[in-house]
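Chemist: Supplied in structure tokens, the structure appears directly below.
The values are calculated or read from the model by the stated rules, or taken from the named source; none is laboratory data. Keep in mind it's a predicted model, so treat the numbers as computed, not measured. Here the Cβ positions follow ideal geometry from the backbone for every residue, glycine too, while neighbour counts run over all protein chains shown. For the accessible areas, the whole protein counts, side chains as well, though only heavy atoms, and no ligand, DNA or RNA atoms are used. Shrake-Rupley method; radii C 1.70, N 1.55, O 1.52, S 1.80 Å.
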Amino acid sequence: PGMARAWVWTVWLVCALIFLFFGHQGRVGMGIGGREGRGGRTSTRCSGWSHVPMAPRDPVLGVTEAYNKDPRPEKINLGVGAYRDAAGKPWVLPSVRMAEKLIFRRNITHEYAPLRGTNGLVEQSIQIVYGHESPQIKHNCIAAIQSLSGTGALRLCGEFLSRFSKSQEVYVSNPTWENHISIFRDAGLEVQRYRYYDNKTRSLDFEGMVEDLSKAPQGSIIVIQALGHNPTGIDPTWSQWKQICQCCKNKKHLIIFDLAYQGMVSGDLDKDVQPLRHFVQRGHQVAVCQSYSKNFGLYGERVGTLSFVCKDAVEAQKVESQLKTLARSMYSSSPIYGAIIVNTILSNPQLKKQWRKDLQAMAIRITNMRSALTEALQSNDNRVDWSHINKTTGMFCYSGLSTEQAKSLAVRHSIYVLDTGRISIAGITDENVFRIASAIAGIRRYSQYTNDPNRMRTP
């Protein structure tokens, strides 16, 4: 009997230990991302996301993140694509402030916007793009919908094209705004490049561009930045625009205009879209991805439109119905507050006049800062011809800095630009322009002194 009792106690003890061990393991690994009771450490034993790789750093937002972490008070951010005033601070347009006061008095609600967008916004927007006397507007040949600014318009456009375009190849300039590539690839389209920028001459590679557009398969999708090319700041001349238009017309290409800076290049809303309107007048059935982030300073409000020029009103109704269906499944309805601001300004003659003044003020300051940077660079390093900077337009230009030089500029001088060497002219002020020029010239001299293989390219 004694032996039997000992055996029973032994078996009971072993079973208890097994129960405690596996019970503890169960509590640690409960479900995906289960937590330990004591230490709070997440278990990866049963995780379904361990295979997910780290995403690459965004080339623009990554620079801003590095800038924000820099403790040096003299730091300068020339990477962000946002307008800054003469003091280097964010600028709320006077026309926007005036509109906000009117909106506050109206005691607006926060109901959903219709699928097409906030009432009045789309109608006002297509007039800004195509002109008040546009035959396409008069005959209801334009399908249009409010979008989540220009990025949302491009993505919605990509989704539409992936479903209904005969061509599934989209051509973007080389170089281009990096997000173009991700947007259209994620929409299921195959992204190709056409030549645009000549590194040797620091100018438009017009012959290469036309040759590539001519060789693209007939009916290809071509993305063209309407003005203020990002990242180079190089736009075609009026004569070149007409030749590009004819080339695309001959090949029956579908043109997608990315319109992000209307009014901010020349200060004139109509002049800035003259090439775009020329394409429409020549019979192109273009699509336009319009952003109000830059020219209204409404970066965080996400206001824009997407429009397609169609052959008649019936076709426009069909296209617009599909755009609404896509928008419904992607984000349901557009945000209203920024849209109400834009519509209030565009529908009020006094506010619209003030907005035009605001655009002229931004365009003039950017032009002045571009000239000031060119002069400061030339005075710091006259062995290089810096005049190419003064020939650019819009918010950006290529500095000519290599990736290593751009990184060194941040480390040594707390001046942040993109790895491509792109500079946001809008971030330059009278107070910092000489420091920027001195730092760029110094980085260039240092690279030459150390025989850096990535030293600045000179024409």
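Chemist: Quick one: length gained pulling Lys311 to Arg356 fully straight, 0.36 nm per residue minus the C-alpha distance?
Modeler: Numbers: separation 45, 0.36 × 45 = 16.20 nm, distance 3.20 nm.
Answer, rounded to one decimal: 13.0 nm.
Chemist: Could I ask something else about it? Out of the total accessible area of the stretch 377-444 (probe 1.4 Å, heavy atoms of protein only), what percent is carbon and sulfur? Walk me through the numbers on the way to the answer.
Modeler: On the way: 1150 of 2400 Å².
Heavy-atom surface of the stretch 377-444 belonging to carbon and sulfur, 1.4 Å probe: 48 percent.
Chemist: Rounding to the nearest 10 and keeping the result within 0 to 90°, find how far the Cα-based axis of helix 337-346 lies from the longest principal axis of the chain.
Modeler: Once rounded, one gets 10 degrees.
Chemist: For the stretch 326-400, what does the alpha-carbon gyration tensor say about shape, rounded, prolate or oblate, given a ≥ b ≥ c as the root eigenvalues, a/c under 1.5 as rounded, and a/b over b/c as prolate? Could the numbers behind the result be given before it?
Modeler: Working: a/c = 5.38, a/b = 2.00, b/c = 2.68.
It comes out oblate by the Cα gyration axes.
Chemist: Okay, moving on. Quick check: with the 1.4 Å probe, what order do Trp386, Trp238, Trp91 take by accessible area, largest first? If you can, show how the numbers build up before the last one.
Modeler: Values: Trp386 0, Trp238 100, Trp91 70 Å².
So the residues, ranked largest to smallest area, are Trp238, Trp91, Trp386.
Chemist: Given charges of +1 on the Cβ of Lys and Arg and -1 on the Cβ of Asp and Glu, with all other atoms neutral, how large is the dipole of the chain about its Cα centre, in debye to the nearest 20?
Modeler: Details: 56 positive and 38 negative charges, 149 e Å.
My answer is approximately 720 debye.
Chemist: Normalised by the residues of the stretch 271-382, what does the relative contact order come to in percent, with Cα pairs under 8 Å and at least six apart? Display every interim value, and only then the final one.
Modeler: Working: 59 pairs, mean separation 18.5, N = 112.
Reported as a whole number, the value is 17 percent.
Chemist: In whole angstrom, how far apart do the alpha carbon centroids of the stretch 252-272 and the stretch 340-367 sit?
Modeler: Cα centres, the stretch 252-272 to the stretch 340-367: 16 Å.
Chemist: Could you pull out the pairs from Lys89/Lys294; Lys294/Lys353; Lys75/Lys357; Lys138/Lys318; Lys252/Lys311; Lys69/Lys407 whose alpha carbons sit more than 22 Å apart here?
Modeler: Numbers: Lys89/Lys294 14 Å; Lys294/Lys353 18 Å; Lys75/Lys357 31 Å; Lys138/Lys318 18 Å; Lys252/Lys311 14 Å; Lys69/Lys407 15 Å.
Result: Lys75/Lys357 exceed 22 Å.
Chemist: Measure off, as a whole percent, the carbon and sulfur share of the 1.4 Å-probe accessible area of the stretch 222-301, all protein chains present.
Modeler: Values: 1070 of 2450 Å².
Heavy-atom surface of the stretch 222-301 belonging to carbon and sulfur, 1.4 Å probe: 44 percent.
Chemist: Follow-up. Does the stretch 225-378 come out rounded, prolate or oblate by the C-alpha gyration tensor, with a ≥ b ≥ c the root eigenvalues, rounded set by a/c under 1.5 and, if not, prolate when a/b is larger than b/c and oblate if not?
Modeler: Values: a/c = 2.01, a/b = 1.19, b/c = 1.68.
Cα axes put the stretch 225-378 in the oblate bin.
Chemist: May I ask for the longest run of the chain untouched by GluC sites (Glu not before Pro) that are loop-located per DSSP and have at most 12 neighbouring C-beta atoms (other than their own) within 10 Å?
Modeler: Values: sites that count: Glu74, Glu111, Glu133, Glu431.
Longest run free of exposed loop sites: 134-430.
Chemist: So, one more: If the reach is capped at under 16 angstrom between alpha carbons, list the aspartates and glutamates near Lys352, excluding any in the same chain fewer than eight residues apart.
Modeler: Within the straight-line limit of under 16 Å, Lys352 reaches these aspartates and glutamates: Glu100, Glu123, Asp268, Asp270.
Chemist: Here's another thing I want to ask about it. For the stretch 49-108, what class follows from the C-alpha gyration tensor (a ≥ b ≥ c being the square roots of its eigenvalues): rounded when a/c is under 1.5, otherwise prolate if a/b is larger than b/c, else oblate?
Modeler: Working: a/c = 3.58, a/b = 1.60, b/c = 2.24.
Since a/c reaches 1.5 but b/c is at least a/b, the shape of the stretch 49-108 is classed as oblate.
Chemist: What is the Cα centroid distance between the stretch 121-161 and the stretch 384-428, reported in whole angstrom?
Modeler: 34 Å
Chemist: A further question follows. Sorted by average packing, counted as other Cβ atoms within 10 angstrom per residue and highest first, what order do 76-84, 144-152 take?
Modeler: The packing order, highest mean first, is 144-152, 76-84.
Chemist: Using just the Cα positions, wrap the stretch 300-459 in a convex hull and report its mean projected area in square nanometres, one decimal place.
Modeler: Working: hull surface 57.5 nm².
Computed as one quarter of the Cα hull surface, the answer is 14.4 nm².
Chemist: Using +1 at the C-beta of Lys and Arg and -1 at the C-beta of Asp and Glu, which of Gln360, Asn179, Gln225 has the Cα lying farthest in the positive direction of the dipole of the chain?
Modeler: Value: Asn179.
Chemist: Can you give the accessible area per residue of the chain, in Å², using a 1.4 Å probe? Kindly include the intermediate steps, with their values, before the conclusion.
Modeler: Working: 23180 Å² over 459 residues.
Result: 51 Å² of accessible area for each residue.
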